[in-house]
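Engineer: Submitted below is the structure of interest, expressed as structure tokens.
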Number of protein chains: 2
Amino acid sequence: MKARITVTLKTGVLDPQGKAIEGALKSFGIEGIGSVRQGKVFDVEMADGVDADNAQTVLKQACEKLLANTVVENYRIEIL
Amino acid sequence: MKARITVTLKTGVLDPQGKAIEGALKSFGIEGIGSVRQGKVFDVEMADGVDADNAQTVLKQACEKLLANTVVENYRIEIL
């Protein structure tokens, strides 16, 4: 079973990396982009014999403990 | 208009960062995860007056020129 975890910065948290990308796009002459915020994505392949409910629990743990800093980041788990 | 760009490593490209995450999860006692591959996500807010077709073109350019290394990465553009 596959899952995708998307980790994004919470609204209001400054994103200097996103700002740098906006600047770089402008300097490359790419117009029409208002703002950019960067996040992370994790494509996870679950071990055999893990069902969807179980996967949700395990992945929530993984996010809370390692993948997301829940002070400044939101995470979303999708079972594919 | 909002869009999301997801950049992931192509199949077969080594992902040491993903491997490190797998190791860290195991050392935290989180079981049931087979493998992890890390990618990037960009949440883009288009400038006013840009329509969906136009956005697709601009974002494709942004991916090819800056956001993705198309030698080793795939990108996907979703207009939200």
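Engineer: As a check on your reading of the symmetry: which chain B residue has its Cβ nearest the axis that brings B onto A, and how far is it in Å?
Structural biologist: Nearest Cβ to the rotation axis, residue and whole-Å distance: B:Val41, 2.
Engineer: Ignoring ligands, DNA and RNA, what accessible area per residue does the range B:2-79 give at 1.4 Å, in Å²?
Structural biologist: 54 Å²
Engineer: Residues of A:58-67, mean number of Cβ from any other protein chain within 10 Å of their own Cβ, rounded to a whole number?
Structural biologist: Averaged over the peptide's residues, the number is 4.
Engineer: What net charge is computed for the residues neighbouring A:Glu64, neighbours being all others with C-beta under 14 Å from the C-beta of A:Glu64, Lys and Arg scored +1, Asp and Glu -1?
Structural biologist: Within the 14 Å Cβ shell, the charges total +2.
Engineer: If each label sits 7 angstrom from Cα along the C-beta direction, how far apart, in nm, is B:Gly34 from its counterparts in the other copies?
Structural biologist: With the label placed 7 Å along Cα→Cβ, B:Gly34 yields 4.1 nm.
Engineer: May I pose another question? Probe radius 1.4 Å, ligands and nucleic acids left out: which of A:Val58, B:Val13 has the largest accessible area, and how do the rest follow?
Structural biologist: B:Val13, A:Val58
Engineer: Here's something else I'd like to know. As a test question: what accessible area, to the nearest 10 Å², does B:Met1 have when a 1.4 Å probe is rolled over all protein chains in place?
Structural biologist: For B:Met1, the solvent-accessible surface is approximately 70 Å².
Engineer: List the distances, in nm to one decimal, from the label point of B:Pro16 to the label points of the same position in every other copy, shortest first, placing each label point 7 Å from Cα along the Cα-to-Cβ direction.
Structural biologist: Here B:Pro16 shows inter-copy label distances of 2.4 nm.
Engineer: For the range B:8-73 and the range A:5-28, what is the separation of their C-alpha centers, rounded to whole Å?
Structural biologist: 14 Å
Engineer: Let me ask something else. Taking a label point 7 Å out from Cα toward Cβ, give me the nm distances from A:Asp48 to the same spot in the other copies, shortest first, one decimal.
Structural biologist: Nearest first, the other copies' label points are 5.8 nm away.
Engineer: Anything over 20 Å Cα to Cα? Flag those among B:Lys19/B:Lys65; A:Lys60/B:Lys26; A:Lys10/B:Lys65; B:Lys10/B:Lys40; A:Lys19/B:Lys10, in the order listed.
Structural biologist: B:Lys19/B:Lys65; A:Lys10/B:Lys65; A:Lys19/B:Lys10
Engineer: Pick from B:Ala68, B:Ala52, B:Ala24 the residue whose mean-square fluctuation is largest in a GNM of chain B, springs joining Cα atoms under 10 Å.
Structural biologist: Taking springs between Cα atoms under 10 Å, the residue moving most is B:Ala24.
Engineer: If Lys and Arg each add +1 and Asp and Glu each add -1, what is the summed charge of the other residues whose beta carbon sits under 13 Å from the beta carbon of A:Asp48?
Structural biologist: Once positives and negatives cancel, what remains is -2.
Engineer: Any idea what angle helix B:16-27 forms with the longest principal axis of chain B, computed on alpha-carbon atoms, 0 to 90 degrees, nearest 10?
Structural biologist: Helix B:16-27 sits at roughly 50 degrees to that axis.
Engineer: Something else now. Considering every pair of different Cα atoms, what Kirkwood radius, in Å, is found for chain A?
Structural biologist: 14.4 Å
Engineer: Trypsin sites (Lys or Arg not before Pro) within chain B: which are DSSP loop residues with at most 15 other Cβ atoms inside 10 Å?
Structural biologist: B:Lys10
The values are calculated or read from the model by the stated rules, or taken from the named source; none is laboratory data. Computed from a predicted model, the values in this text were never measured in an experiment. Reconstructed Cβ throughout: ideal geometry from the backbone, glycine too, with neighbour counts over all protein chains shown. Keep in mind that these areas ignore ligands, DNA and RNA; they rest on the heavy atoms of the full protein, side chains included. Shrake-Rupley method; radii C 1.70, N 1.55, O 1.52, S 1.80 Å.
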